[in-house]
1. Calculate I(q)/I(0) for the range 1-72 by the Debye formula, one identical point scatterer on each C-alpha and no solvent, and give its log10 at q = 0.11, 0.22, 0.26 Å⁻¹ to two decimals.
2. Can you compute the modelled spin-label distance between residue 174 and residue 160, with each label point 7 Å from Cα toward Cβ, in nm?
3. Beyond 23 Å between alpha-carbons counts as too far, so tell me which of 50/141; 98/187; 115/187; 98/179; 13/98; 50/187 fall in that bin.
4. Would you mind checking the range 143-162 for residues with the amide N under 13 Å from a putative spin-label position 7 Å along Cα→C-beta of residue 121?
5. Can you give the FRET efficiency to the nearest 0.05 for residue 185 and residue 54, using r as the Cβ-Cβ distance and R₀ = 35 Å?
6. Would you mind getting the accessible area per residue of the chain, heavy atoms of the protein chains only, 1.4 Å probe, in Å²?
7. Return the Rg/Rh ratio of the range 81-192 with Cα-based radii and a Kirkwood Rh.
8. Once you sort the root eigenvalues of the Cα gyration tensor of the range 70-127 as a ≥ b ≥ c, which label holds: rounded (a/c under 1.5), prolate (a/b larger than b/c) or oblate (the other case)?
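The values are calculated or read from the model by the stated rules, or taken from the named source; none is laboratory data. Bear in mind the structure is a predicted one, so any value in this text is a computation, not a measurement. Heads up, the Cβs are rebuilt from the backbone with ideal geometry, glycines too, and the neighbour counts pull from every protein chain shown. To get the accessible areas, we keep the full protein, side chains included, count just its heavy atoms, and leave off ligands, DNA and RNA. Shrake-Rupley method; radii C 1.70, N 1.55, O 1.52, S 1.80 Å.
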Amino acid sequence: MNIIFLGAPGAGKGTQAENVSARYGIPSVSTGAIIREAIRNGTEMGLAAKAYAESGALVPDGVVIGIIRDRLSQDDCANGFILDGFPRTVPQAEALEKMGVVIDVVISIEVPDEKIIRRMSGRRVCPVCGASYHVDYRPSKDGRTCDACGAELIIRNDDDPVVVWNRLVQYHEQTEPLKEFYGLRGKLRTVIGQEQVADTTRLTFEVIDREGDASGKENK
Ligand code: AMP
């Protein structure tokens, strides 16, 4: 099955994509992760993407479409895949169609902006060992340093309130129109993001299992 996850940054689509990947045995493809790795490795694409990604802006369509074309042509995507963070604009979705990629279901994870801002602005990470914390939901013991290695915790650039705000604005302006795009094609399903991740996961699996049953029946 070929699945797309839509949702604002911080809505939890990455986590759901990983859970679905583990349960259904299909790879989760995250353009954000591919871009971050390219930036870390200082590749040509990474250098081109760096300023956009670090300010919360979208990387130009041509760059991400190229990334996806390469990635989906790899063998592990032959029996299905999950797209986490792509498409993020209507031209990206159109490019996917032009490549002949058939999408079975698009799952939109809905979380109100206020909740996203609270979730993301409270995140803290350890710059040394990578452990992550949250000032409300998972505070470190002293609220300042890493429980595991003692380093001073930092706010990731992505979680800076100005960056979070920019990313939400661009989500509403550029990515949300995809709900209509896929709604018109009869592919859109909605999952309301729950307080507990496990509850969102259960609802997500229910959507996918229903789609699987429906396509099985159509094929009979
Ligand atoms: P993510 O981890 O999915 O939130 O992506 C991190 C950053 O990578 C985003 O803020 C964008 O700058 C860039 N990015 C990831 N996916 C896309 C995409 N489909 N289109 C444009 N930019 C993207």
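1. -0.30, -1.08, -1.27
2. 1.8
3. Check vs 23 Å cut-off fails for 50/141; 115/187; 13/98; 50/187.
4. Residues 159-162 fall inside that zone.
5. For residue 185 and residue 54, the calculated efficiency is 0.55.
6. 53
7. On the way: Rg = 17.9 Å, Rh = 16.4 Å.
Value, to two decimals: 1.10.
8. Prolate, since a/c reaches 1.5 and a/b exceeds b/c.
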